1. Could you run through region 152-169 and say how many residues are over 11 Å from residue 328 (Cα atoms), touching a residue at least 60 places away in the same chain (Cβ under 8 Å) and surrounded by fewer than 23 Cβ atoms within 10 Å (Cβ to Cβ)?
2. Given the conditions (1) buried (at least 18 other Cβ atoms within 10 Å of the Cβ); (2) touching a residue at least 24 places away in the same chain (Cβ under 8 Å); (3) outside any loop (DSSP other than H, G, I, E, B), which single one is not true for residue 427?
3. For the subset of region 277-303 comprising residues that are assigned to a strand (DSSP E or B) and under 23 Å from the mean Cα position of the chain (by Cα), which member is nearest to residue 240 (Cα to Cα)?
4. Quick one: would you say residue 440 is hydrophobic (A, V, I, L, M, F, W, C) and touching a strand residue (DSSP E or B) at 6+ places or on another chain (Cβ under 7 Å)?
5. I need the full set of residues from region 220-250 which are touching a Phe, Trp or Tyr at 6+ places or on another chain (Cβ under 9 Å) and open to solvent by 60 Å² or more (accessible area, probe 1.4 Å), in order please.
6. Between a residue in region 115-138 that is closer than 18 Å to residue 188 by Cα and modelled with pLDDT under 95 and any residue that is of a type in the set (Gly, Ala, Ser) and assigned to a helix (DSSP H, G or I), which pairs come within a Cβ distance under 8 Å, given they are 6 or more apart or on different chains?
7. State yes or no: is residue 394 among the hydrophobic types (A, V, I, L, M, F, W, C) and open to solvent by 30 Å² or more (accessible area, probe 1.4 Å)?
Amino acid sequence: MNELDVLVVGGGISGLAVAHSLARSGLAVEVWEGAERVGGKIRTVEKDGYRLESAASMVVNFRSEVDRFLHTAGLEASKRDRAPMAKRYVLDADRLAEVPSRLGDMFGSPLFSTAGKLRLLAEPLAPRSRNPHESVAEFVTRRLGREFLEKVFEPYVAGPLASDVDLAEARATMPRLTALEKRYGSLALGALLRKVWRRGSGARPDVFSFAGGMATLAEILAREGGFRVHNKLRVSEVWPVSGGWMTRGVMGDTPRTIFSRQLVLSAPADAAASVLERVDAELARLLRDIEYAPVSIVHTGFDRTRIKHPLNGSGFLVPRRSEFTPNGCLWMSSLFPDHAPEDRVLLSSYLGGARNPAAAGWDATRALDSVLHMLRAVLGMRVEPDMLHIESHARALPLYHGAYSQRLAAIDRRLAILPGLYLEANYKGGVSVRDRILCADLAASRILRHRDCAASRKSAPAHRSGGVQNISPVSAAIR
């Protein structure tokens, strides 16, 4: 048994990012990962010349903190920018309709009716809500109108977030928009003022992947992050001791126990609940009750010459009123040409989520039939795919449903009485890779402040003398 400054349990992007930020500050850090590889659900598969992503397919970034992280982690050279394009589509009456990228363009867009555009103009006059747990549907309808909800926000929340606009809490799901209302009283006014203040600052999102796919992000962090990674080491128990935490795990038949001054659980909510049950039953219950949505990704490869549509965009999202079952389709080879062989295209469609969780469990034949039914109608194609690969996740993404911010506040209150314990995973602070890096950066800052405060207390002169024996935390744990 030995000692660490910080033990991180879970080798997904959250855990690897926080471990890297702490190791850079000189702390002794280890990551324990139960699986054979790091990255969590992020995995890149090479098949028949296609590059397939099993979870996150890209990073959409507009935060300087993420830029700094990529620089310090040595990831800048591996970045691969998205192909230049601006078009994003949504199905309207089950036909492709371009979604305007700027507020001013919305008033000339055929996607919205005259009544919808007039309702949008009235946004600055919309009253504020007194409900702190207002749903996304309630928030968007109140501020922008029902048409904007159904044609733009519902497909986005159901697609990339796998959530339900009628159940998802606006404050937790769309914190940037709710913050604009809270600060400025208007989304339009707030967006305008922020655009003025950011003039010349490069506020346009940076969209990119990495050489070799998204798995490269996790692989480089694990290899060059400045900390040790132990794969196939499953944690069975944690408990607090004087000055830190003890963690017990097993690798094969070999048990291992370690003391760390700080402990970061960067695992899914149910996994974190299991190891915390004996430490704090209420905290374990709060974590265990977090819902997750199942998602299947249906990757299909086609001969480019057999598809009539130019595929001149990122793909399309599907609203809930559509006849089609999938939640959307990414045109991956349009975004990143190296993800498909020459003269081939890669289309990645998504099934399941909170909207239709049963679809995530369909067999390959039914899943493909559903996807092809949609692609043939939308893109005017009649060809069969020359490549098929399906990735299924029974617990793909956490759902920020109900009074979710209240749940997070209750979790934080439990953590306040468990010093040195931190929870960092995608059920807190957002599910995107960008959000996970930002949250990891904040967590590392809190851990470093805790260390500095502890060092200050230790170096302060004693006010009383006595025969107190100085016993190390590890010795105390052994006794």
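The values are calculated or read from the model by the stated rules, or taken from the named source; none is laboratory data. Predicted model, so just to flag it, every value in this text is computed and none were measured. Cβ atoms come from the backbone with ideal geometry, glycine included; neighbour counts cover every protein chain shown. Side chains are part of the model used for accessible areas, which takes the heavy atoms of the whole protein and leaves out ligands, DNA and RNA. Shrake-Rupley method; radii C 1.70, N 1.55, O 1.52, S 1.80 Å.
1. Of the residues in that region, 3 qualify.
2. Failing condition for residue 427: (3).
3. In this case the residue turns out to be 292.
4. Values: hydrophobic (A, V, I, L, M, F, W, C): yes; touching a strand residue (DSSP E or B) at 6+ places or on another chain (Cβ under 7 Å): no.
Judged against the criteria, residue 440 is not a match.
5. Within region 220-250, 234, 239, 248 meet the criteria.
6. Between residues of region 115-138 that are closer than 18 Å to residue 188 by Cα and modelled with pLDDT under 95 and residues that are of a type in the set (Gly, Ala, Ser) and assigned to a helix (DSSP H, G or I), the close pairs are 123/188; 124/188.
7. Considered against the rule, which asks whether it is among the hydrophobic types (A, V, I, L, M, F, W, C) and open to solvent by 30 Å² or more (accessible area, probe 1.4 Å), residue 394 comes out as yes.
Condition check ((1) in contact with a helix residue (DSSP H, G or I) (Cβ under 7 Å, 6 or more places away or on another chain); (2) more than 30 Å from residue 101 (Cβ to Cβ); (3) in contact (Cβ under 8 Å) with a residue 24 or more places away in the chain) across all residues:
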{"position": "248", "(1), (2), (3)": "no, yes, no"}
{"position": "276", "(1), (2), (3)": "yes, yes, yes"}
{"position": "288", "(1), (2), (3)": "yes, yes, no"}
{"position": "300", "(1), (2), (3)": "yes, no, yes"}
{"position": "314", "(1), (2), (3)": "yes, no, yes"}
{"position": "319", "(1), (2), (3)": "yes, no, yes"}
{"position": "325", "(1), (2), (3)": "yes, no, yes"}
